[in-house]
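What follows draws every value from the coordinates through simple rules; no lab data is involved. Since the model is a prediction, treat every value here as computed from it, not as a measurement. Neighbour counts are summed over all protein chains in view; Cβ atoms, including those assigned to glycine, are modelled from backbone coordinates with ideal geometry.
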Amino acid sequence: MSSFHIDHIIPESLASNITELKKVKSLLKLDEKFDIYGYENLLPCRSGANLQKGATVFDEARTQFFLGIADNRKAEVLKNLEKISKRNIRGKALVLLQQCLEGGQLSPSEVANILDEHKEQPDEIFHLIESLKFFDSAEIRTVSKADIDELLGRQVRLGQNDHIVGVTLTKDKNETLHVKTCKEYHEAIESGYYALTNFDIKMSSFFEHQYGLLSSLKAATVPERSFIDDPRSGVVDIELIPFSLFPWIGDAPEIEDTSATYQSKVDDGTISIKRIKQNMLCVEEHEGMGQQLIEVARADFNGDGLEEILLFEYCYATHGTLGYGGIRILGRNTVEGLFEIIQ
């Protein structure tokens, strides 16, 4: 949106010329409540058009046309501003509570009681390990179930590709549809559209990740028990990840040793670790496939009462252009067991 300006339909310079402003209001039949600085007098426009317009007052017909658009959108703008304000307040409150908890000013039970007193219950709020990124440069690390529908309607940011907006999906008979939000993407996929080219398949990974996360959080609950929290186990514990999670081109080969893990396959040279950090693992098969796993959220995602890990997965050919992504969910049923693939 950096290429757009917000312009006053009736130039704001008239605010300093009361006589002329009254004439314009009278001509346009605007009542005294009309605010020249209000949203009823604002519309987005291209920067060039705004600079050319300057202090020009359009003719009556065009001015009425643009004022009509602004007036129709005012309620929606105010509603969205209220949502943003509430989300910012919630985010600041959660950060403050977390700081008080970590600093010892509040106990876990006191934090729980504070959350209980508010509209959104503790099991309605999820903290993300990896932030959600949107096209307007916003990054979200705390997701409330009450905000998920709104987040599904926001424009997805495609990684570092700031110059790319949305992805093009294809249907039979070369019918195409360009989508920018998770909601649009999901509706298109449900209607039979799909990513056709390698480029579109790669870009659709961002939608698969974001929609997969938000839809999973919508159904998620706070776990009653965890075998991955204490001691904390995660994606970097490759001795716990079953090798059956690794992607293959074509049909996956039959794995003779069902107890094989990423660690055992690193040890025998089948795969190698390319990158690893606190919540991310990237491994590659020699002359084959690569896989990146990023831990994003923890919750009970399947209703079994146990804590699971939701991952962003991206798979790619190490010597080619193939690349695709989605979400994976890993669980653990015993303190000594391997991760199990839930999704």
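Here are some notes:
- The chain: calculated mean residue ellipticity at 222 nm from DSSP helix runs of at least 4, using -39500 (n - 2.57): -10500 deg cm²/dmol
- Kirkwood Rh, Cα atoms: Rg over Rh of the chain: 1.08
- Viscosity 0.890 mPa s, temperature 25 °C, Stokes-Einstein D of the range 4-81 from Kirkwood C-alpha radius, µm²/s: 190 µm²/s
- In this rough spin-label picture, where each label sits 7 Å from Cα along the Cβ direction, the residue 60-residue 244 distance is 7.7 nm.
- Hydrodynamic radius (Kirkwood) for the range 158-236, which is based on Cα pairs only, to one decimal in Å: 14.7 Å
- Relative contact order, percent, the range 230-343 [alpha-carbon distance under 8 Å, six or more residues apart]: 20 percent
- Length-normalised contact order for the chain - Cα pairs under 8 Å, 6+ apart - percent: 11 percent
- Selected from 326, 212, 68 as most flexible by GNM, with the chain as the system and alpha-carbon contacts under 10 Å: 68
- Spatially proximal aspartates and glutamates relative to residue 218 (Cα-Cα < 13 Å; intrachain offsets below 8 disregarded): 123, 124, 147, 149, 150, 300
- Helix runs (DSSP H) in the chain reaching 18 Å along axis by Cα, Kyte-Doolittle at least -1.0: 60-103, 198-219
- Built amide H within the under 5 Å cut-off of residue 261, gap 5+: 243
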